[in-house]
Amino acid sequence: MRVAVLKETRSAENRVALVPLGVKNLVKRGLTVTVQTGAGETSGVSDLMYREAGAEIAASAQETLEDAKLILVVNPPSSNELAHLSEGSILVGFLDPLSDPDLVSRLIELKVTGISMELVPRITRAQSMDALSSQATVAGYKAVLLAANHLPKFLPMFTTAAGTIRPAKALILGAGVAGLQAIATARRLGAVVEAFDVRPAVKEQVESLGASFLESEEEVTAEGEGGYAKELTEDQHNKELELIGGALIDTDIVITTAQIPGRKAPVLITEGMVKTMKYGSVIVDLAAESGGNCELSEAGETVLAHGVQILGPSNLPTTIPVHSSQMYSKNIVTLISEFLGEDGQLQLDFENDVVGPSTVTHGGEIQNERVKSVMRSNSL
């Protein structure tokens with residue numbers, strides 16, 4: 001069976017879906033791997049390195065996809081590339097099915113099986129397949145480096161002949177994978193860190209990293225399925241804003257990470273709250289692409305408002321492509337193992353507790369119930 005690895009076509013995307021170690025793993029299992037020339041260049045992987053791992057190199061996307069049964073990508077293929085996918089083939093990657101109904105419709109039309117890395121369930125045995133978490137680790141780390149680069153002061157405490165310089169204060173909103181990595185990175189750089197999350201279960205993790213957990217006398221909680229946060233009631237949200245607003249006044253760096261799958265990101269910082277922040281402070285909004293946790297955020301832009309720099313970075317994992325690609329490749333190879341038989345043939349079992357929830361389309365029909373609901377809503 002042939003596996004195709006395409007060169008990413010999305011603007012500024014530097015990652016690749018499969019690194020040489022992943023190629024070796026699949027070749028060892030009897031698969032033929034074809035990699036489009038130049039696919040790994042921006043991830044530190046040459047065509048020669050792929051060849052040495054056992055892959056074939058193809059000159060174009062069309063040639064790469066020829067006779068391919070399994071197609072591996074980071075982002076969805078272009079419309080031209082989709083046209084070369086054969087009926088019954090399997091496309092695996094970040095397909096964004098809850099926000100991209102056009103792609104879902106196209107996969108149905110082509111009778112291509114779509115398996116979305118975003119839909120891998122958050123269960124214990126699927127942790128090594130959870131690409132959202134691996135890429136969120138990269139984003140949380142890089143967000144703090146961005147903030148430190150824009151902050152016009154030191155992060156750690158310094159004792160010098162000119163006196164003692166106090167450490168910067170960082171506030172992390174949302175203590176999921178990205179938030180926890182942001183906490184750990186800010187602590188390593190010497191900042192005093194405080195964190196807030198609507199899920200009280202994460203308090204112990206926050207404190208284990210050396211940060212304090214922001215709490216109010218009246219608990220604000222909203223823990224949903226799979227460890228994700230769920231949407232707050234209006235009353236809960238108002239209490240949340242009041243708590244965060246009090247902490248912002250004395251904060252130098254804010255990293256926001258709060259997102260709800262398939263929904264607009266909740267606003268945690270209003271313009272009025274930004275006005276109360278110290279001049280020169282920095283907000284890095286990791287939810288900017290899904291609406292933003294800060295009311296003033298703009299995806300892909302840096303906004304200066306009331307003396308505060310508000311960064312809305314897009315796709316931070318692509319800025320550290322070597323390690324983000326290595327992590328993603330490990331995730332995708334482990335996921336493939338769930339539906340790859342010992343004979344190297346694909347065996348899709350929709351009763352499988354990982355494969356079933358992760359499958360978007362198959363045989364010209366939608367498999368995932370959440371995606372069905374979104375598609376129905378869009379058709380109304």
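What number of residues in region 123-154 are part of a loop (DSSP other than H, G, I, E, B) and touching a residue at least 40 places away in the same chain (Cβ under 8 Å)? Show your work before the answer.
Step one: filter region 123-154 for residues part of a loop (DSSP other than H, G, I, E, B), giving 123, 130, 151-154.
In the following step, the residues that additionally are touching a residue at least 40 places away in the same chain (Cβ under 8 Å) were identified as 123, 130, 151-153.
Total satisfying the criteria: 5.
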Among the candidates Val374, Val322, residue that is within 30 Å of Val254 (Cβ to Cβ), assigned to a helix (DSSP H, G or I), among the hydrophobic types (A, V, I, L, M, F, W, C) and touching a residue at least 40 places away in the same chain (Cβ under 8 Å): Val322
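Determine, yes or no, whether Glu87 is in contact (Cβ under 8 Å) with a residue 40 or more places away in the chain, over 26 Å from the mean Cα position of the chain (by Cα) and either loosely packed, with under 15 Cβ neighbours inside 10 Å or outside the structural domain of Tyr328 (by TED's automatic domain parsing) (or both).
Judged against the criteria, Glu87 is not a match.
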Look through region 1-17, keep the residues that are under 10 Å from Val73 (Cβ atoms) and either polar (S, T, N, Q) or more than 17 Å from the chain's Cα centre (by Cα) (or both), and return whichever of them is surrounded by the fewest Cβ atoms within 10 Å (Cβ to Cβ). Thr9
Looking at region 255-268, which of the residues that are touching a residue at least 40 places away in the same chain (Cβ under 8 Å) and under 21 Å from Leu146 (Cβ atoms) is farthest from the chain's Cα centre (by Cα)? Leu268
Output yes when any residue across region 56-63 is within 27 Å of Ser128 (Cβ to Cβ) and either buried (at least 20 other Cβ atoms within 10 Å of the Cβ) or of a type in the set (Ser, Thr, Tyr) (or both), and no when none is. no
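For region 351-366, enumerate the residues that are free of Cβ contacts under 8 Å to residues at least 60 places away in the same chain and either over 25 Å from the mean Cα position of the chain (by Cα) or not assigned by TED's automatic domain parsing to the domain that holds Leu70 (or both).
So the first thing to find is which residues in region 351-366 are free of Cβ contacts under 8 Å to residues at least 60 places away in the same chain, and the list is 351-352, 356.
Within region 351-366, Glu351 is the sole residue that qualifies.
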Return the only residue of Pro156, Pro97 being surrounded by fewer than 23 Cβ atoms within 10 Å (Cβ to Cβ) and touching a Leu at 6+ places or on another chain (Cβ under 8 Å). Pro156
Given (1) farther than 21 Å from Val284 by Cβ; (2) touching a residue at least 24 places away in the same chain (Cβ under 8 Å), identify the lone condition not met by Thr164. (2)
I'd like to know if region 266-277 contains one or more residues that are modelled with pLDDT under 95, surrounded by fewer than 24 Cβ atoms within 10 Å (Cβ to Cβ) and among the small types (Gly, Ala, Ser). no
Single residue of region 254-276 satisfying the filter (assigned to a strand (DSSP E or B) and among the aliphatic types (A, V, I, L, M)) that is farthest from Lys169 (Cα to Cα): Ile269
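The values are calculated or read from the model by the stated rules, or taken from the named source; none is laboratory data. A quick note: this is a predicted structure, and the numbers were derived from the prediction, not measured. All Cβ positions, glycine included, derive from the backbone under ideal geometry; neighbour counts span all protein chains shown.
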